[in-house]
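See below for the structure under consideration.
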Amino acid sequence: MTHSHRDITELLAAHGLAPRRAFGQNFVSDPNTVRRIARMANVNATDHVVEIGAGLGSLTLALAETGARITAIEIDHGIAPVLRDVVKDLPNVSVVVGDALELDWNEIIPPGSSAVVVANLPYNVATPLVADLLDAIPQISRFVVMVQKEVALRLASSVGSSDYGAISVKVAYWATARVLGDVPPSVFIPRPKVTSSIIEITRRETPAVGPHIAPQQLFKVIRTGFGQRRKMLRRSLAAIATPENFENAGVSPESRPEELNVEQWGRLATEIQKNHRP
Ligand code: SAH
């Protein structure tokens, strides 16, 4: 069973709850949408699924039907008891009340095991969440998440696209990403102003750039470059990069940040790093 439009309005009314904008609460009230996401997640009884922002359990119920073991995380102490009640008869679902940005993820997904994140992500924290989890929690092998369409385009875009930015390079460093489909505002209570997209992010076995540069060093150079998006890199990186760095990396000093793929950023950052070596 999944929640209908009426189930959501009744659950909210019965508990005296109203959707809270501060927590990015837009509840899915359409069984077809949550089943579609569960299908796209492509998980089964052998998988551990972590759902971030489970809300009233719309997606949780559809995910539980796959047989996967589900850890459902929810920040809102008002919603959490309702969620617990919704899933109380499902032995494969456990609820964790807490802030996904602050949780001890190694407790949720013990190192050595792996999990798939499937979620209708709270839109206000979607980008930092995906970025932090890619950086810090290698046990997450894949994400199938719904986010604002423009965020999905940024996460999944490649070099040359107008959506391509520092976050796209970070995703490309750790993973491959693709947009799986769009979801209209009409399936949510309340209706958001924007279209949503479902995106799949699959972690690479090894990062796209070789072992000679630490990710945080690389990302710092990338952020500096994109900080002045319209400038040529020889200007925006003037304080850290020499002409020889560009030459050795095989990157034109006249290029702009959106023209470099992750491998080119990797070569450039590796050269820049050598400046600090004796
Ligand atoms: N998955 C549900 C709810 C989506 S709304 C559905 O599809 O209907 C997003 C949910 O994320 C809300 O329930 C909100 O309270 C929760 N949330 C917001 N910020 C969070 C955070 N930092 N950590 C965990 N949950 C969060």
Got at least one residue in region 55-65 being under 24 Å from Leu180 (Cβ atoms), surrounded by 17 or more Cβ atoms within 10 Å (Cβ to Cβ), of a type in the set (Val, Ile, Thr) and in contact with an Asp or Glu (Cβ under 8 Å, 6 or more places away or on another chain)? yes
Criterion first (more than 9 Å from the ligand (Cβ to nearest atom), under 20 Å from Asn26 (Cβ atoms) and buried (at least 18 other Cβ atoms within 10 Å of the Cβ)) does Val49 satisfy it? no
Which condition from (1) over 23 Å from Leu133 (Cα atoms); (2) crowded, with 18+ Cβ neighbours inside 10 Å is the one that Arg20 breaks? (2)
Here the residues within region 163-214 that are touching a residue at least 40 places away in the same chain (Cβ under 8 Å), surrounded by fewer than 16 Cβ atoms within 10 Å (Cβ to Cβ) and farther than 23 Å from Phe27 by Cβ are Thr202, Gly210, His212
Positions within region 108-120 being more than 28 Å from Arg35 (Cβ to Cβ) and either surrounded by 12 or more Cβ atoms within 10 Å (Cβ to Cβ) or within 15 Å of the ligand (Cβ to nearest atom) (or both), in sequence order: Pro110
Quick count over region 235-260, residues being surrounded by 16 or more Cβ atoms within 10 Å (Cβ to Cβ) and assigned to a helix (DSSP H, G or I), is 6
Of all residues in region 104-120, how many are part of a loop (DSSP other than H, G, I, E, B) and either polar (S, T, N, Q) or at positive phi (or both)? 2
Test each condition in (1) within 11 Å of the ligand (Cβ to nearest atom); (2) over 20 Å from Met146 (Cα atoms); (3) modelled with pLDDT under 95 for Leu11 and report the one that comes out false. (3)
Within region 32-53, the count of residues that are closer than 13 Å to Val145 by Cα and assigned to a loop (DSSP other than H, G, I, E, B) comes to 2
Got a number for residues in region 69-94 being more than 20 Å from the chain's Cα centre (by Cα) and closer than 17 Å to Val34 by Cβ? 8
If we keep just the residues of region 179-195 that are in contact with a helix residue (DSSP H, G or I) (Cβ under 6 Å, 6 or more places away or on another chain) and not β-branched (Val, Ile, Thr), which is nearest to the ligand (Cβ to nearest atom)? Pro192
Based on this model, can you work out whether Glu263 counts as assigned to a loop (DSSP other than H, G, I, E, B) and surrounded by fewer than 20 Cβ atoms within 10 Å (Cβ to Cβ)? no
From Leu83, Leu56, Leu101, grab the single residue that is assigned to a helix (DSSP H, G or I), within 15 Å of the ligand (Cβ to nearest atom) and not acidic (Asp, Glu). Leu83
Flagged pairs (Cβ under 7 angstrom, 6 or more apart or on separate chains; first in region 6-25, touching a residue at least 40 places away in the same chain (Cβ under 8 Å) and assigned to a helix (DSSP H, G or I); second more than 8 Å from the ligand (Cβ to nearest atom) and of a type outside the set (D, E, K, R)) are Ile8/Ile189; Thr9/Ile189; Leu11/Val82; Leu12/Ala18
If I ask for residues that are charged (D, E, K, R), touching a Leu at 6+ places or on another chain (Cβ under 8 Å) and farther than 20 Å from Gln264 by Cα, which ones from region 108-167 would you list? Asp132
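The values are calculated or read from the model by the stated rules, or taken from the named source; none is laboratory data. The structure presented is a predicted model; accordingly, all values stated were derived computationally and were not measured. Virtual Cβ from ideal backbone geometry, glycine too; neighbours counted across all protein chains shown.
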